[in-house]
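Notes for the one structure printed next.
The numbers here are math on the coordinates, done by the rules we state, and not lab data. What you are looking at is a predicted structure, and each value in this text was computed from that prediction instead of being measured. FYI the Cβ positions are ideal-geometry reconstructions off the backbone, even for glycines, and counts take in every protein chain you see.
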Amino acid sequence: MHRALFRPVIALIALTVLAATAGCGTSAPQASPVRFAGTQADAAVHAGPPGTRSLVQWPTRPISFEEESRVGGAGGNTPIGVTTLHGPKSGFTGKVWVWAPPEYYEKRNAHKGFPVMEALPGSYGYPVNYWKGADLKLQENLARWSKNGSSLPFIVVMPVLNPDDKQYYDGSDIPGQPKIGTWLSQDVPDLVRQNFRTLRTRDAWAIMGSSSGGFAALKNVLQNPDTFKVAIPNGPDIVPDSPLWNGHAREERENNPEVLARRLMARGGPDVYLAFQDGSREHTVLPKVRKFLAQYGHGPVHTRLQIVPDGTHSAATYVRGLGEGTMRWVSAHMQGPTA
């Protein structure tokens with residue numbers, strides 16, 4: 001299980017985040033409510049006359065998020081909000097962080113829906129999601145890339161990956177366990193739709209993850225191609241390997257990317273786009289990724305591999321890769337902001 005390689009990096013990032021936010025609860029001076037959408041009445045006005053159907057999906061049940069931090073630099077002093085989501089479909093409760101790009105707030109885009117990227121951490125991904133950390137600068141980089149034309153401006157949603165730090169749940173609905181697959185593929189996207197201007201098309205939905213989160217991203221696109229069009233699996237596991245699958249071989253098979261890819265190819269689509277990323281020093285991971293590409297990168301399963309020179313099994317490596325070609329390729333296959 002190569003996931004263990006990621007743990008030192010995760011632990012360091014988690015400690016940094018916890019130290020930086022210690023004592024910053026809801027009553028801290030810098031914490032304040034933040035909303036990313038207007039009222040339901042506003043949505044009704046923007047929806048247009050009865051019988052019309054815009055590509056824009058207006059927020060339906062906006063809530064106030066707690067402002068946890070702000071993104072500076074190219075990120076334009078934009079907020080990262082956090083809420084505790086009680087997933088109505090999965091029954092699971094966990095934290096979710098959200099961010100909208102600077103373009104989302106511009107007056108000229110006030111009637112446009114935006115593409116969405118769900119970003120999953122590696123290791124246990126609990127109790128925090130490290131993609132919201134200032135050290136990785138994911139949001140600042142995405143804002144910079146959208147300004148220079150190498151990426152679409154994405155809304156980023158960052159849920160916890162697992163319900164605890166004791167087991168891996170493979171981003172799946174394992175019998176007898178919290179329904180993490182439903183949480184990631186339905187509850188979290190629904191939260192975004194309820195609070196942001198999004199688009200009524202799978203062409204505007206991507207899911208990214210690293211290591212164990214990379215497996216979840218890969219599996220979710222192949223399993224839910226009507227929801228997600230693009231996955232960015234970073235240093236991913238290729239097959240399920242949670243010990244919680246013991247005694248549930250049939251269900252494990254239903255969550256195996258190799259099985260799901262074969263089925264998608266057999267039925268001829270819909271087309272999905274898998275932008276793999278690996279560091280050149282990931283000697284354990286790379287052969288497995290290359291084998292998957294050779295066997296399943298055909299027909300409706302479109303693939304690309306970004307190898308980051310001297311890169312390791314780390315989030316910092318994958319951010320580099322995003323800027324070295326991955327986001328340009330991903331964006332070319334997705335729907336941008338649309339009125």
Sparse-neighbourhood loop sites, trypsin sites (Lys or Arg not before Pro) in the range 75-136 - DSSP loop, at most 15 other Cβ within 10 angstrom: Lys89
Ranking Ile80, Ile232, Ile63 by Cβ neighbours within 10 Å, fewest first, what do you get? Ile63, Ile80, Ile232
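So how many Å³ per residue does the convex hull of the Cα atoms of the range 251-334 work out to? Spell out each step's value before the answer.
Working: hull volume 8.9 nm³, N = 84.
Per-residue hull volume (Cα only) is 106 Å³.
Fewest to most neighbouring Cβ within 10 Å: what's the order for Asp135, Asp170?
On the way: Asp135 13, Asp170 26.
Least to most surrounded, the residues fall as Asp135, Asp170.
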Cβ-placed point charges (K, R +1; D, E -1), dipole of the range 207-339 about Cα centre in debye, nearest 20: 280
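If a helix is a whole DSSP H run, which ones in the chain reach 20 Å or further along their own axis (Cα) and hold a mean Kyte-Doolittle hydropathy of at least 0.0? Walk me through the numbers on the way to the answer.
Numbers: long enough: 7-21 (21 Å, 1.90).
Qualifying helices: 7-21.
How large is the dipole of the chain about the Cα centre if only Lys and Arg carry +1 and Asp and Glu carry -1, each at its Cβ, rounded to the nearest 20 debye? Intermediate values should be presented prior to the final figure.
Values: 35 positive and 28 negative charges, 142 e Å.
Dipole size: approximately 680 debye.
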D for the chain, whole µm²/s, Stokes-Einstein with Kirkwood Rh over alpha-carbon pairs at 4 °C and 1.567 mPa s: what number? 65
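Rounded to the nearest 500, what is the 222 nm mean residue ellipticity of the chain from helices alone, with -39500 (n - 2.57) per DSSP H run of 4+ residues and division by all residues? Don't skip to the answer; put the middle values down first.
Working: 10 runs with 93 residues, N = 339.
The helix contribution divided over the chain gives -8000 deg cm²/dmol.
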Hey, if you drop one equal point scatterer on each alpha-carbon of the range 242-287 and run the Debye formula without solvent, what base-10 log of I(q)/I(0) do you get at q = 0.15, 0.16, 0.25, 0.31 Å⁻¹? -0.64, -0.70, -0.92, -1.02
The range 209-237 versus the range 64-116: alpha-carbon centroid distance in Å: 21
Which one, Pro257, Leu152, Ser90, projects farthest toward the positive side of the charge dipole computed for the chain from Cβ point charges (K/R +1, D/E -1)? Leu152
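Quick one, can you get me the convex hull of the C-alpha atoms of the range 135-280 expressed as volume per residue in Å³?
143
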Only loop residues by DSSP count here, and only those with at most 10 other Cβ atoms within 10 Å; note down the trypsin sites (Lys or Arg not before Pro) in the range 145-204 that meet that. Lys166
What is the magnitude of the charge dipole of the range 60-203 about its Cα centre, with +1 placed on the Cβ of each Lys and Arg, -1 on the Cβ of each Asp and Glu, and no other charges, expressed in debye to the nearest 20? 560
What ranking of Lys288, Lys229 emerges when the number of other C-beta atoms within 10 Å of each C-beta is taken as an exposure proxy, fewest first? Lys288, Lys229
Give the residue from Leu191, His333, Gly72 lying farthest towards the positive end of the charge dipole for the chain; charges sit on Cβ (+1 for Lys and Arg, -1 for Asp and Glu) and the dipole is referred to the Cα centre. His333
Explain nothing, just compute: Karplus ³J(HN,Hα) = 6.51 cos²θ - 1.76 cosθ + 1.60, θ = phi - 60°, for every residue of the range 103-109 in order, whole Hz, x for Gly and Pro. 4, 4, 8, 6, 4, 5, 10
Consider just the alpha-carbon atoms of the range 126-191 and return their Rg together with their Dmax, both in angstrom. 14.9, 47
